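Below is one structure, written out as structure tokens, with a few remarks after it.
The values are calculated or read from the model by the stated rules, or taken from the named source; none is laboratory data. In this text, all values refer to a predicted model and were calculated from it rather than measured experimentally. Please note: Cβ atoms are built from the backbone with ideal geometry, for glycine as well, and neighbour counts cover all protein chains shown. Surface accessibility is based on the protein's heavy atoms, side chains included, excluding ligands, DNA and RNA. Shrake-Rupley method; radii C 1.70, N 1.55, O 1.52, S 1.80 Å.
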Amino acid sequence: MTHKLFLFDLDDTLLDFKASEQLSFARTLQALGMAGDLAQLFLGYQAINLALWRAFETGTVSKDFLKVERFRKTFAENGLELDPEAASQLYLESLSDTVVLIDGALQLCATLAGMGEVGIITNGVEAIQNQRIAKSGLREHISFVATSEACGYAKPDVRFFEYAARMARPFAKEDAIIIGDRLDADILGANRYGIDSCWFNPERLANTSTAIPTYEVNNLPDILRSLA
């Protein structure tokens, strides 16, 4: 294996964020007094949340704004007189406790850590991501965690990847690879920075973007076979 530095996205690559998100959203709304089926409300929240994260990644909104605005807008669009700031706090507290590993994540990180260095690159909230990593059992296999919050720039900005590279022990572009589920953040970022990438694509989606992954896998264990 030629790669020695493995830069992993966290959410929906190593940790099943979708599962954690849905459970945390339900717990939050229930704590605020909502009852019944929350499925449609959650779908609306997801759309709002996704749009705000895209805006954050292009630098048009701040993360602090995003954390509250996604609930404020969800409540406003559904005529709910609930406190968005309280919802944001409850949600983040729950999110740090609801950790679901993607199949094969722990073993993969353990194996790659024995071959080189494993780092995490994430646009998520720094304190929450660190808590989730610790709770997941991944921490012992990870050398560093690079967050957009600490860096000041988000994936796919090249400055974020330059920041992550400075956290690695020795760094050479030819030895590094980015592994992530998002073409528009992880793979595009790798293309712009000039290093290899592996698109984790469990849903077997078509690539209709301009981002070009070096490798593509549908499950995490296949990464070892692809990089061998």
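Kindly evaluate ARG139 against the criterion of being buried (at least 22 other Cβ atoms within 10 Å of the Cβ), under 18 Å from LEU101 (Cβ atoms) and basic (Lys, Arg). Let's see the steps before the verdict.
On the way: buried (at least 22 other Cβ atoms within 10 Å of the Cβ): no; under 18 Å from LEU101 (Cβ atoms): yes; basic (Lys, Arg): yes.
No.
Would you please name the residue that is farthest from the chain's Cα centre (by Cα), looking only at residues in region 92-115 that are modelled with pLDDT of 95 or more and crowded, with 19+ Cβ neighbours inside 10 Å?
LEU112
Of everything in region 58-85, what is part of a helix (DSSP H, G or I), in contact (Cβ under 8 Å) with a residue 24 or more places away in the chain and open to solvent by 30 Å² or more (accessible area, probe 1.4 Å)? Give them in sequence order.
Going residue by residue through region 58-85, those that are part of a helix (DSSP H, G or I) are 63-77, 84-85.
Narrowing further to those that are in contact (Cβ under 8 Å) with a residue 24 or more places away in the chain: 63, 67, 70-71, 73-74, 77.
Scanning region 58-85 gives LYS67, LYS73, GLU77.
Among the numbered criteria (1) within 30 Å of MET1 (Cα to Cα); (2) among the polar types (S, T, N, Q); (3) surrounded by fewer than 16 Cβ atoms within 10 Å (Cβ to Cβ), which one does GLN89 miss?
So GLN89 meets the others, but not (1).
Which is part of a helix (DSSP H, G or I), at pLDDT below 95 and of a type in the set (S, T, N, Q), of GLN22, GLN89, GLN46?
Working: GLN89 fails: at pLDDT below 95; GLN46 fails: at pLDDT below 95.
Going through GLN22, GLN89, GLN46 in turn, the sole match is GLN22.
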